Amino acid sequence: MALLTANEIKSASGRVPEWRRRGKAIHRTFEFKDFVAAMKFVNKIARIAEKAWHHPDIDIRWNKVKLVLSTHSEGGLTEKDFAVAEKIDQIANA
């Protein structure tokens with residue numbers, strides 16, 4: 001999977017407007033009513049990540065879940081990061 005150019009990243013970012021770029025990754029924090037709801041969300045993400053064979057870094061803090069996506073094997077952002085971010089957003093908005 002090839003690294004995206006700056007223009008490609010800008011274009012792909014429009015598909016996931018709530019995600020923010022930080023260096024060679026994109027990140028987003030989700031907030032839920034409680035820990036159980038946050039964990040249910042994380043479990044749904046786990047299934048998506050396994051299917052895509054692309055796993056986000058996950059930080060869980062009671063009702064907050066911070067996700068960071070980057071294609072570590074390529075050293076930055078690829079189309080795979082944005083595709084998984086889109087799927088995660090679909091779950092969050094369901």
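Can you tell me which residue is farthest from Glu8 (Cα to Cα) among those in segment 32-72 that are small (Gly, Ala, Ser) and free of Cβ contacts under 8 Å to residues at least 40 places away in the same chain?
Applying the filter and picking the extreme gives Ala37.
May I ask you to verify whether Glu50 is of a type outside the set (A, V, I, L, M, F, W, C) and closer than 20 Å to Met1 by Cβ?
yes
Six or more apart or on different chains, Cβ atoms under 6 Å: show the pairs whose first residue is in segment 9-25 and under 14 Å from Pro56 (Cα atoms) and whose second is part of a strand (DSSP E or B) and among the basic types (Lys, Arg).
These pairs meet every condition: Trp19/Arg28.
For segment 1-28, what are the residues that are among the polar types (S, T, N, Q) and surrounded by 13 or more Cβ atoms within 10 Å (Cβ to Cβ)?
Scanning segment 1-28 gives a single hit, Ser13.
Which of the residues spanning segment 21-63 are more than 14 Å from the chain's Cα centre (by Cα), closer than 18 Å to Asn93 by Cβ and hydrophobic (A, V, I, L, M, F, W, C)?
Selection gives Phe32, Ala37, Ala38.
Which condition number does Ser70 fail, the rest of (1) in contact with a Gly (Cβ under 8 Å, 6 or more places away or on another chain); (2) modelled with pLDDT under 95 being met?
For Ser70, the exception is condition (2).
Suppose we keep only residues that are free of Cβ contacts under 8 Å to residues at least 24 places away in the same chain and more than 12 Å from the chain's Cα centre (by Cα) within segment 74-94. Which one would you say is farthest from Glu18 (Cα to Cα)?
Here the residue is Ala94.
Can you work out which of the residues in segment 29-50 that are in contact with a helix residue (DSSP H, G or I) (Cβ under 9 Å, 6 or more places away or on another chain) and among the charged types (D, E, K, R) is surrounded by the most Cβ atoms within 10 Å (Cβ to Cβ)?
Lys44
The values are calculated or read from the model by the stated rules, or taken from the named source; none is laboratory data. Because the structure is predicted, anything quoted here is derived from the model rather than measured. Cβ sites come from the backbone with ideal geometry, for glycine too, and all protein chains shown count toward neighbours.
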